[in-house]
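For reference, the structure is listed below as structure tokens.
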Amino acid sequence: MSDFMLALPGILFWVVLFVVIKSSRTKREEESKHPQNTAQRELADDVIATIERVAPDLEIARVSYDSYYGKAGGIYFRSWSGYSYNYAYASHGYKNVSRDAAKFVADEIAKRFGKGGGKVGGWSEYDYFEVWIPRK
């Protein structure tokens, strides 16, 4: 019994260490399944509010991102009524927009304006995602 009592602190140390490592890994994996951070959500909300204000009859949006080839300029969108607009990331306080963030924004635009019919395509050679909204 006394050998077991001497080994117990060592066993507990390894069990606690294993639990801490496992929970931190699980938390990291869970965070990677959701938007990377609130900045992505804020960007998507800001872009959607801008589109609703200036071109609620959205036809197409091109959501660019930073890549190996250069910095992202922003988002170009055009309405079915012919109005076009450029949402410049820098002028709205955003920089270093990642591919994942751009994809998240493109998906959110397709959900909001496509009502189930919006489509998102991505072209790595052009460094943007394109969102098409069907005519109502």
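The values are calculated or read from the model by the stated rules, or taken from the named source; none is laboratory data. These numbers were taken from a predicted model, which means no experiment stands behind them. Surface areas here come from the heavy atoms of the whole protein model, side chains and all, with no ligands, DNA or RNA. Shrake-Rupley method; radii C 1.70, N 1.55, O 1.52, S 1.80 Å.
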Listed residues Trp132, Trp14 arranged by accessible area, highest first, probe 1.4 Å:
Trp14, Trp132
If ligands, DNA and RNA are left out, what is the accessible area of Val19 with a 1.4 Å probe, given in Å² to the nearest 10?
80 Å²
